[in-house]
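Visitor: Take this structure first; my questions come after.
The values are calculated or read from the model by the stated rules, or taken from the named source; none is laboratory data. Because the structure is predicted, anything quoted here is derived from the model rather than measured. So basically every Cβ, Gly included, is an ideal-geometry build from the backbone, and we count neighbours across all protein chains shown.
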Amino acid sequence: MIAPNRSMHDAFNQELNRELQYNVDTLQEFVRNNVPLLNEQQKQVYKTLMQAVDNNTGGLFFLDAPGGTGKTFVISLILATIRSRCDIALALASSGIAATLLDGGRTAHSALKLPLNLNTIDTPTCNISRSSAMGKLLMQCKLIVWDECTMAHKKSLEALNFTLKDLRRNNNIFGGLMILLAGDFRQTLPVVPRGTPADELNACLKASPLWNNVKTLPLTTNMRVQLQNDQSAAQFSKQLLDLGNGKVPVDATSGLITLTNDFCRFVDTQLVLIENVFPNISENYKNYAWLSQRAILAAKNNDVHALNFTIQSKIAGDLVTYKSVDSITNPDDVVNYPTEFLNSLEIPGFPPHNLQLKVGTVILILRNLNPPRLCNGTRLSVKRLMPNLIEATIINGKYAGENVCIPRIPMIPPDLPFDFKRLQFPVRLAFAMTINKSQGQSLSVCGINLENHCFSHGQLYVACSRVGKPSALFVLTSNQKTKNVVYQRALQ
């Protein structure tokens, strides 16, 4: 007699319990209290989407929503309504930060088991079988929400479509399951390593044949401005949209735009930028709420690293150094790639070989360790530094204030011409972060270092739209001029 596969059964129960753990009474009360707060446009979107869920007709929808229009509020209501009926609605996002804003949210790449090297696969699929826990969950699911979808490669959506058709034994688009994409195409597009603008546009969701099936639902009323009743915030909102739409005049000679004095506050040096965003940090770093609401952004990793080291040096205490263990996984390649060379590699989205931290430092998780609590993109403050563990306090999202322990883990980069493994704590300093990494994050105070110009579509718009008013935006740039890259094809 064959023994039952208990591990598979347990995994399914764990996944199912995770999606059915919500308190129905609490959800029903949330829906009851918040549906009346929807504005007319939001109400129409909510009604249209819930009608599609109730009719069980499936379909692909896109919630087109610039910052401040209440996208997360509407999505949260839809998720709560479905879950209050004891049905399953999966909340996914392209970035870890965006995932932390949704109840039960997790990154799409991790949840859907998408290939890491989507660029190089002609017809990718999700690594999900009918007998797997996620496979069974997708067969029972009523809705998948995918937030910050504009960052996703078109092949990720095509992989989901192919996989759902197979899992659900249904040849309709996405196997008859309803998909709600949400985002703003003024924001950054998928990153294509060493790619051209044409490569980025070709990787964009709008370049997929699936996009022909999308039903677009727009949100345009800026609720952030209305609630603040702040005239400067209203003008700031319009200026942001002009920036995102590429309507700010460009100098024909330099190719640069000029940022105006009523759009932000200008600073002259990195130190002044740091002082404005993190005033008196030597004392304030212990205030997690204060820390969580501020960051400095830059387009390039080198600028981010320099800012982080400078800010960390302002915090008292000893510097603790953690060195990674780097190794080649293929024995035949060992002689070609000495350890010193591996140690020198600085890879985007990877921890450094030489990780230097202090108690009180802000760090960013680089891998999904324990979703939804510890996702790629979660920000934390270091509490204790031990030889084999880092104890830290989560400072953003639903789990803010919780203490967690972070271990060293092995990590393998997908885009190198050789197989290489780094054993290190999956964290980086995060007082400053790249603009792309900040997408989905709302801040009270934001600094932007534009000494090196933005180089890709939507980066300047993303950076400037992290805050809701000009008095909270500090910009370091030369003569108030900078580059604003906008691909009009992505907005059509």
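Visitor: I need the full set of residues from the range 449-472 which are of a type in the set (A, V, I, L, M) and either at pLDDT below 90 or in contact with a Cys (Cβ under 7 Å, 6 or more places away or on another chain) (or both), in order please.
Guide: Correct list: Leu460, Val467, Ala472.
Visitor: Follow-up. At least 1 residues that are touching a residue at least 12 places away in the same chain (Cβ under 8 Å) and within 18 Å of Cys454 (Cα to Cα) in each: list the helices (runs of 4 or more DSSP H) lying fully within the range 244-360 that qualify. Break it down into steps so the answer makes sense when it comes.
Guide: Working: elements: 270-277, 281-284, 288-292, 301-313, 339-344.
Fully inside the range 244-360 and qualifying: 270-277, 301-313.
Visitor: Could I ask something else about it? Taking the options Ile78, Ile82, name whichever one is of a type outside the set (S, T, N, Q), within 13 Å of Leu217 (Cβ to Cβ) and at pLDDT 95 or above.
Guide: Of Ile78, Ile82, the one residue that is of a type outside the set (S, T, N, Q), within 13 Å of Leu217 (Cβ to Cβ) and at pLDDT 95 or above is Ile78.
Visitor: Okay, next question. Quick check: anything in the range 34-43 surrounded by fewer than 23 Cβ atoms within 10 Å (Cβ to Cβ), part of a loop (DSSP other than H, G, I, E, B), polar (S, T, N, Q) and not assigned by TED's automatic domain parsing to the domain that holds Val462?
Guide: Yes: the range 34-43 contains one or more residues that are surrounded by fewer than 23 Cβ atoms within 10 Å (Cβ to Cβ), part of a loop (DSSP other than H, G, I, E, B), polar (S, T, N, Q) and not assigned by TED's automatic domain parsing to the domain that holds Val462.
Visitor: Do we have any residue at all in the range 407-415 that's closer than 30 Å to Phe455 by Cβ and under 16 Å from the mean Cα position of the chain (by Cα)?
Guide: No, the range 407-415 has no match at all.
Visitor: Among the listed residues Lys398, Lys437, identify the single one that is surrounded by 22 or more Cβ atoms within 10 Å (Cβ to Cβ), modelled with pLDDT under 95 and within 30 Å of Ser465 (Cα to Cα).
Guide: Of Lys398, Lys437, the one residue that is surrounded by 22 or more Cβ atoms within 10 Å (Cβ to Cβ), modelled with pLDDT under 95 and within 30 Å of Ser465 (Cα to Cα) is Lys437.
Visitor: Right, another one. Quick one: which residue in Ser444, Ser478, Ser465 is touching a residue at least 60 places away in the same chain (Cβ under 8 Å), among the hydroxyl-bearing types (Ser, Thr, Tyr), surrounded by fewer than 19 Cβ atoms within 10 Å (Cβ to Cβ) and not assigned by TED's automatic domain parsing to the domain that holds Phe185?
Guide: Exactly one residue qualifies, and that residue is Ser444.
Visitor: Taking the stated definitions as given, is Ser94 farther than 27 Å from Pro413 by Cα, of a type in the set (Ser, Thr, Tyr) and not assigned by TED's automatic domain parsing to the domain that holds Arg466?
Guide: Judged against the criteria, Ser94 is not a match.
Visitor: Any idea which of Leu102, Leu114 is over 15 Å from Leu180 (Cα atoms) and in a loop (DSSP other than H, G, I, E, B)?
Guide: After applying the criteria, what remains is Leu114.
Visitor: Let me ask you something else. Which one of these is surrounded by 22 or more Cβ atoms within 10 Å (Cβ to Cβ) and either in contact (Cβ under 8 Å) with a residue 40 or more places away in the chain or in the same structural domain as Asp147 (by TED's automatic domain parsing) (or both): Thr196, Thr216, Thr188? Reasoning before the result, please.
Guide: Values: Thr196 fails: surrounded by 22 or more Cβ atoms within 10 Å (Cβ to Cβ); Thr216 fails: surrounded by 22 or more Cβ atoms within 10 Å (Cβ to Cβ).
That would be Thr188, the only listed residue that is surrounded by 22 or more Cβ atoms within 10 Å (Cβ to Cβ) and either in contact (Cβ under 8 Å) with a residue 40 or more places away in the chain or in the same structural domain as Asp147 (by TED's automatic domain parsing) (or both).
Visitor: Mind counting the residues in the range 372-399 that are under 20 Å from the mean Cα position of the chain (by Cα) and either in the same structural domain as His109 (by TED's automatic domain parsing) or among the β-branched types (Val, Ile, Thr) (or both)?
Guide: Summing the residues that are under 20 Å from the mean Cα position of the chain (by Cα) and either in the same structural domain as His109 (by TED's automatic domain parsing) or among the β-branched types (Val, Ile, Thr) (or both) in the range 372-399 gives 4.
Visitor: For the structure I just gave you, tell me whether Lys142 is in contact (Cβ under 8 Å) with a residue 40 or more places away in the chain and assigned by TED's automatic domain parsing to the domain that holds Leu189.
Guide: Yes; evaluated as a whole, the condition is true for this residue.
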